[in-house]
Amino acid sequence: MTATVTRERGTKRFQAKRDAILAAAAEAINDQSAKGMTFADVAARVGLNTTSVTYYFRRKEDLASACFEHTIDQLGAMLDDAMEEPTPERRVARYLAINFQRMGRIARGEETAFAILSDLRAMDEPIKGKLLTGWQRVFRNTRALWGEPTDRTAKDLNGARAHVLLENTFWLSIWLTRYDVDEYDRVESRLMDVFRHGLAGRAARWTPHLLEVDDSDQEPGRAAFLTAATRLINELGYRGASVQKIASELNVTKGSFYHHLDAKDELVTECYRRSFDRIAAAQASAHSAGGTYWQMLENVMATLLDIQFSERGPLLRTTALSGLPPRDRQTMIDRSNRLARRFAGMISDGIAEGSIRAVDPLVASQALMAIQNAAFDMRKWASTMPRERAVAMYASTLMFGLFDDRVIA
């Protein structure tokens with residue numbers, strides 16, 4: 001490296017341009033995934049040529065890694081800020097407030113979104129290992145918002161709480177745009193109310209019954225194919241789960257893939273459709289079974305979490321959305337919002353009935369969508385205990401709130 005380059009890299013001009021490239025790359029990652037991001041696209045977003053981008057980042061992997069490191073650093077700084085508060089409840093409230101303030105700045109065009117972390121596991125070593133270490137640090141620091149655990153049960157519960165908090169703040173970008181910016185303070189307050197007190201009415205207890213949700217409308221081979229594809233896409237992201245890897249998972253040829261589907265985009269769409277159909281089937285089954293609306297809600301959530309933690313799962317994570325074409329992506333988001341509204345209707349009826357606490361149904365329903373969506377990532381955690389206990393512990397975070405441990409007493 002020449003002395004001239006070394007000097008320039010220390011200037012404000014160099015840093016400003018590097019930051020602009022990182023912001024553009026984050027947008028590209030969120031639109032197309034890290035694997036789909038190209039230097040040409042990033043260059044076009046900042047008005048540079050491709051060669052200029054490679055001056056700052058020699059390889060595409062280096063640029064993606066820098067974006068992910070920036071996200072991890074930002075999350076760490078937000079958590080450090082929250083830890084200044086004296087109690088778990090005030091720390092969580094502070095962390096949530098920081099996220100809503102950030103979303104407000106993004107909506108007003110004052111700040112750009114940082115890169116979502118869905119493609120971390122699809123990165124190559126040694127970058128992958130370094131990034132996952134950073135993510136694990138974020139998770140531990142989030143868990144620390146609840147203080148030092150007194151025993152293994154408390155540590156497990158705080159882990160579930162940390163995961164639910166993180167995933168709900170990540171999920172904001174999916175649904176918060178449905179509100180005007182001047183409503184963000186109210187929405188923040190309503191979401192924190194759910195975090196603080198949960199959904200359970202005064203007399204509610206956690207006694208769910210698992211519902212029957214099957215794939216009877218699909219041929220067995222196709223159902224198995226979509227299950228394997230969903231699992232790999234959840235683990236590796238849309239771009240990381242190649243057709244070859246999916247075929248290898250099932251010990252079949254690539255030709256067998258095209259027997260089921262014509263293209264990879266169609267695969268992701270079918271995986272989403274199957275997952276959403278299973279959520280809708282659980283909701284419909286709960287209504288058919290009857291009982292109070294609290295019982296319907298706990299039965300649905302227990303069933304969906306059981307699916308996510310079991311071998312018959314999983315449901316497809318929204319992390320695959322960044323790989324889909326914009327029109328298909330919006331179609332999937334619209335379907336997700338319709339399912340959330342079905343939860344909102346169940347919550348509204350439960351409030352009227354008295355079995356569910358008075359909350360904002362639309363906000364609470366999105367929180368429910370977030371945790372059932374994210375539970376796949378907690379399979380390893382869930383495998384360390386009886387599944388029924390794992391389901392109860394994870395569900396308690398929203399059903400009884402992030403600061404109530406009565407469900408596992």
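General observations
- Count of the range 176-202 residues, restricted to those that are in a loop (DSSP other than H, G, I, E, B) and either under 15 Å from residue 100 (Cα atoms) or of a type in the set (Asp, Glu) (or both), is 2.
- The range 286-326, residues that are polar (S, T, N, Q), at pLDDT 85 or above, farther than 16 Å from residue 226 by Cα and surrounded by 17 or more Cβ atoms within 10 Å (Cβ to Cβ): 292, 295, 299, 303
- Candidate set from the range 139-154 (those that are of a type in the set (Lys, Arg) and at pLDDT 95 or above); member that is nearest to residue 93 (Cα to Cα): 143
- Residue list for the range 134-153, filter: in contact (Cβ under 8 Å) with a residue 24 or more places away in the chain and part of a helix (DSSP H, G or I): 134, 135, 137, 138, 139, 141, 142, 144, 145, 146, 153
- Within the range 116-133, considering residues that are more than 23 Å from residue 318 (Cβ to Cβ) and not in a helix (DSSP H, G or I), the one modelled with the highest pLDDT: 126
- Residue count, the range 28-37 (criterion: assigned to a helix (DSSP H, G or I) and not β-branched (Val, Ile, Thr)): 4
- Residue that is surrounded by the fewest Cβ atoms within 10 Å (Cβ to Cβ) [pool: residues in the range 91-115 that are of a type in the set (A, V, I, L, M) and assigned to a helix (DSSP H, G or I)]: 107
- The listed residue being small (Gly, Ala, Ser), at pLDDT below 90 and part of a helix (DSSP H, G or I), out of 16, 25, 40: 16
- Among the residues of the range 156-193, the ones that are at pLDDT below 95 and exposed (fewer than 14 other Cβ atoms within 10 Å of the Cβ) come to 2 in all.
- Qualifying residue in the range 77-90 (condition: closer than 30 Å to residue 197 by Cβ, surrounded by fewer than 15 Cβ atoms within 10 Å (Cβ to Cβ) and of a type in the set (S, T, N, Q)): yes
- All helices (runs of 4 or more DSSP H) inside the range 301-400 with 1 or more residues being without any contact (Cβ under 8 Å) to a residue 40 or more places away in the chain and farther than 22 Å from residue 179 by Cα: 326-353, 379-382, 387-399
- If you go through the range 327-354 and keep only what is modelled with pLDDT of 95 or more and either closer than 16 Å to residue 194 by Cβ or hydrophobic (A, V, I, L, M, F, W, C) (or both), you end up with 343, 344, 346, 347, 348, 350, 351, 352.
- Extreme residue, modelled with the highest pLDDT, among residues of the range 43-71 that are surrounded by 15 or more Cβ atoms within 10 Å (Cβ to Cβ) and not in a helix (DSSP H, G or I): 57
- For the range 94-133, residues that are among the hydrophobic types (A, V, I, L, M, F, W, C) and free of Cβ contacts under 8 Å to residues at least 40 places away in the same chain total 3.
- Any hit, the range 355-366, residues being touching an Asp or Glu at 6+ places or on another chain (Cβ under 7 Å) and buried (at least 21 other Cβ atoms within 10 Å of the Cβ): yes
- Here the range 72-113 is the region considered, the condition is being hydroxyl-bearing (Ser, Thr, Tyr) and modelled with pLDDT of 95 or more, and the residue that is farthest from residue 191 (Cα to Cα) is 87.
The values are calculated or read from the model by the stated rules, or taken from the named source; none is laboratory data. The model shown is predicted, which means the values in this text are computed figures rather than measured ones. For neighbour counting, all protein chains shown are included, and Cβ atoms are generated from backbone atoms with ideal geometry for every residue, glycine included.
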